[in-house]
1. Take the residues in the stretch 134-162 that are β-branched (Val, Ile, Thr) and touching a residue at least 12 places away in the same chain (Cβ under 8 Å); name whichever of them is most open to solvent (accessible area, probe 1.4 Å).
2. Among the residues that make up the stretch 175-185, is at least one of them open to solvent by 40 Å² or more (accessible area, probe 1.4 Å), part of a loop (DSSP other than H, G, I, E, B), at pLDDT below 90 and over 27 Å from residue 96 (Cα atoms)?
3. Look at residue 132 and say whether it is more than 24 Å from residue 97 (Cα to Cα), among the hydroxyl-bearing types (Ser, Thr, Tyr), at pLDDT 85 or above and in a strand (DSSP E or B).
4. Cβ contacts < 6 Å: first residue free of Cβ contacts under 8 Å to residues at least 60 places away in the same chain and farther than 15 Å from residue 73 by Cβ, restricted to the stretch 35-52; second residue among the β-branched types (Val, Ile, Thr) and surrounded by 13 or more Cβ atoms within 10 Å (Cβ to Cβ), any location; separation 6+ or different chain. Result?
5. Considering only residues that are among the acidic types (Asp, Glu), modelled with pLDDT under 95 and closer than 29 Å to residue 101 by Cβ, which ones fall in the stretch 29-66?
6. For the stretch 187-206, name all the residues that are of a type outside the set (Val, Ile, Thr) and either in a strand (DSSP E or B) or open to solvent by less than 50 Å² (accessible area, probe 1.4 Å) (or both).
7. Tell me the residue from 143, 127, 135 that is farther than 23 Å from residue 183 by Cβ and of a type in the set (A, V, I, L, M, F, W, C), please.
Amino acid sequence: VFAGIFALPHAVTTMISDSLRERTGAEDVQISIIDSPRLIFGEIGAIDGVLRQGRIGKLFVRELTVTGTNLRFDMGALLSERKVVLTEAESVQMNGVVDADAIRELITNEADKFSDVAVTVNPGSILTTAKTRALGQTFEVTLEGGFTIINGDLYYKATHIAARGMGLNVLSLNGLFPDVLVARADALPFGLAFETVEAKDGVVILTAGK
C-alpha cells in the first residue's frame, strides 16, 4: 500500500502527460506535480509543464506552457479511464506560442485559391501576401487579419483584402477568404477557455484559463 502511495505522483504525472499528448498531439510533454500531499484525493498543490509541437484545433502550436495552483481532479476518471477531468482550481493558465509558419499553413490549407503564401506577424497585426489566378491572369493578394475569440471559439478573420492585377482588371474579393473556425471552445485541455490572443513581433500568443 505504501509503495503504491509513493508511486502515485509518478503515475498521475504520466497519466496527465499522456492525456495532454493525446489531446494536443504534442511531440514532447513535460509535466511536474509540486506540493501534492493529498494527491490520493485528487488534490494537487501546483502543476507546471510545457508541451512542444502540438495542435489546438487546426492550428500548429510551437509551444504550450501550463501552470496551475490548488487543482482538484476526478481521481476516479483518472485511474479508471485515464481521463483528466479538472473539477476545480484556484488558478490554471495555458499560454501558446504560434509562429508565422503555423499561420501560413493554416491560410494555405483554408484558401485553396492561394499560392505562394507568405506571412509576417507584427505587433497588433498579421500581414499575408499570396497569389491567386482569376480572369486568365495572376493577382497579387494582400490580406490583413488576425485571430479573434467569438463565443469561446477561436477564429481567424481577414480585416482587409486587396488584389492587384495587370491593367485595370478588378478582382471581386467577396468570398476570397471567409472566416476560419480555428478551434472550438472545447478543443483545449482541462476544460480551459480561450481568454486573449495577441500578435507580437514574429509570434502570436494565445492564453487560456479557467
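1. Pass one, the stretch 134-162, residues β-branched (Val, Ile, Thr): 138, 141-142, 148-150, 159, 161.
Retained after the next criterion (residues that are touching a residue at least 12 places away in the same chain (Cβ under 8 Å)): 138, 141-142, 148-149, 159, 161.
Numbers: 138: 60, 141: 4, 142: 54, 148: 45, 149: 52, 159: 112, 161: 33 Å².
Once the filter is applied, the top-ranked residue is 159.
2. Yes, that holds for at least one residue.
3. Working: more than 24 Å from residue 97 (Cα to Cα): yes; among the hydroxyl-bearing types (Ser, Thr, Tyr): yes; at pLDDT 85 or above: yes; in a strand (DSSP E or B): yes.
Here the answer is yes, as residue 132 does meet what is asked.
4. Correct list of pairs: 48/67; 50/65; 51/24; 51/29.
5. First pass over the stretch 29-66, keeping only residues among the acidic types (Asp, Glu): 35, 43, 48, 63.
Add one more test, that the residue is modelled with pLDDT under 95, and what stays is 35, 43, 48.
Within the stretch 29-66, 48 is the sole residue that qualifies.
6. Let us first name the residues in the stretch 187-206 that are of a type outside the set (Val, Ile, Thr), namely 187-195, 198-202, 206.
Those that are of a type outside the set (Val, Ile, Thr) and either in a strand (DSSP E or B) or open to solvent by less than 50 Å² (accessible area, probe 1.4 Å) (or both): 187, 188, 189, 190, 192, 193, 194, 195, 198, 199, 202, 206.
7. On the way: 143 fails: farther than 23 Å from residue 183 by Cβ; 127 fails: farther than 23 Å from residue 183 by Cβ.
Step by step, each of 143, 127, 135 is checked, and only 135 is farther than 23 Å from residue 183 by Cβ and of a type in the set (A, V, I, L, M, F, W, C).
The values are calculated or read from the model by the stated rules, or taken from the named source; none is laboratory data. Note that the structure is a prediction, hence the values are computed from the model and not measured. Virtual Cβ from ideal backbone geometry, glycine too; neighbours counted across all protein chains shown. When the accessible area is computed, the model is the full protein with side chains, heavy atoms only, and any ligands, DNA or RNA have been set aside. Shrake-Rupley method; radii C 1.70, N 1.55, O 1.52, S 1.80 Å.
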